[in-house]
Ligand SMILES: [Zn+2]
Ligand SMILES: [Zn+2]
């Protein structure tokens, strides 16, 4: 099992990541990837980009070093109602929207409250993936979350960085993976790289997928075709337009 797209990568625009778009694309090519999603943190993150950063991503070439660049964000979920720190005019122009809880923008609640926030974010029509729901800083009712993701036709992330920087994630990720398999959900397996040499590095996350017996067809980013179809089905302009032949 090998990914062909890394759908969660940060550049220097995040303020606490260390590689440029150029370096990320080169590393992705070297790692054998065909696609990478640039998903810098939303504006609430200290040192993060201004919203206008996301409005100007069209300045990037469609491909760099042969790697397709998706315009994305890792938006911060701000409250229990699932509100995000990036406005609709920006979200609707992006190719992929990740949403997650971060300590800088959302103080942990109890499991019911954290789950409310994630489930509410899943109802936002622009959100495609909920990231690092296995983070033990935020206890979550994983079954409720998985069922909500399945109902919304959206993906949950198994985040490789979590195994290194979010201690205690492994148990939660494994539990979530079991639930995803049981309920027929969809996952992404992502690096959450904050430096170019980590792009495409998803070994620990893939282990969890294999251990849980999630079928390859349920891992979105094993195939760029599957990513394109998923995002087209979600009405993302770039891919929906492509299907109509107008891109
Ligand atoms: Zn970060
Ligand atoms: Zn994150």
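Computed quantities for the displayed model
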quantity: Inter-part distance where region 138-194 and region 57-97 are each reduced to a Cα centre, Å; calculated: 20
quantity: Cα→Cβ-extended label distance, 7 Å offset, between residue 93 and residue 112, nm; calculated: 4.1
quantity: Ratio Rg/Rh [Cα only; Rh per Kirkwood] for region 128-247; calculated: 0.99
quantity: Point-to-point label distance, residue 211-residue 182, nm (Cα→Cβ direction, 7 Å offset); calculated: 1.7
quantity: Contact order relative to length of the chain, as percent, for alpha carbon pairs under 8 angstrom and 6 or more apart; calculated: 20
quantity: In nm, spacing of pseudo-spin labels at residue 18 and residue 240 (7 Å Cα→C-beta vector); calculated: 4.0
quantity: Gained length - residue 167 relative to residue 59, 0.36 nm times residue gap less alpha-carbon distance; calculated: 35.1 nm
quantity: Label-reachable residues, region 19-63, where backbone N falls under 20 Å from a point 7 Å from residue 197's Cα toward its Cβ; calculated: 19-33
quantity: More than 16 Å apart - percent of Cα-Cα pairs taken over region 5-50; calculated: 35
quantity: Principal semi-axes in Å for region 77-119 [√(5λ), Cα gyration tensor, largest first]; calculated: 21, 10, 8
quantity: DSSP bridge orientation in region 62-193 - percent antiparallel, rounded to nearest 5; calculated: 20
quantity: R0 of 22 Å, Cβ-Cβ distance residue 147-residue 123: FRET efficiency to nearest 0.05; calculated: 0.95
quantity: Descending principal axes extents, region 2-125, alpha-carbon based, whole Å; calculated: 44, 33, 27
quantity: Debye log10 I(q)/I(0) at q = 0.16 Å⁻¹ for region 62-195, Cα point scatterers; calculated: -0.78
quantity: Antiparallel bridges, percent of DSSP beta bridges restricted to the chain (to nearest 5); calculated: 10
quantity: Diffusion constant of the chain at 37 °C, which comes from Stokes-Einstein with the Kirkwood Cα-pair radius and 0.692 mPa s, µm²/s; calculated: 187
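Throughout, read-outs are computed from the coordinates displayed, never taken from laboratory work. In this text, all values refer to a predicted model and were calculated from it rather than measured experimentally. Quick reminder, even Gly has a Cβ in these numbers, built from the backbone with ideal geometry, and neighbours come from all protein chains shown.
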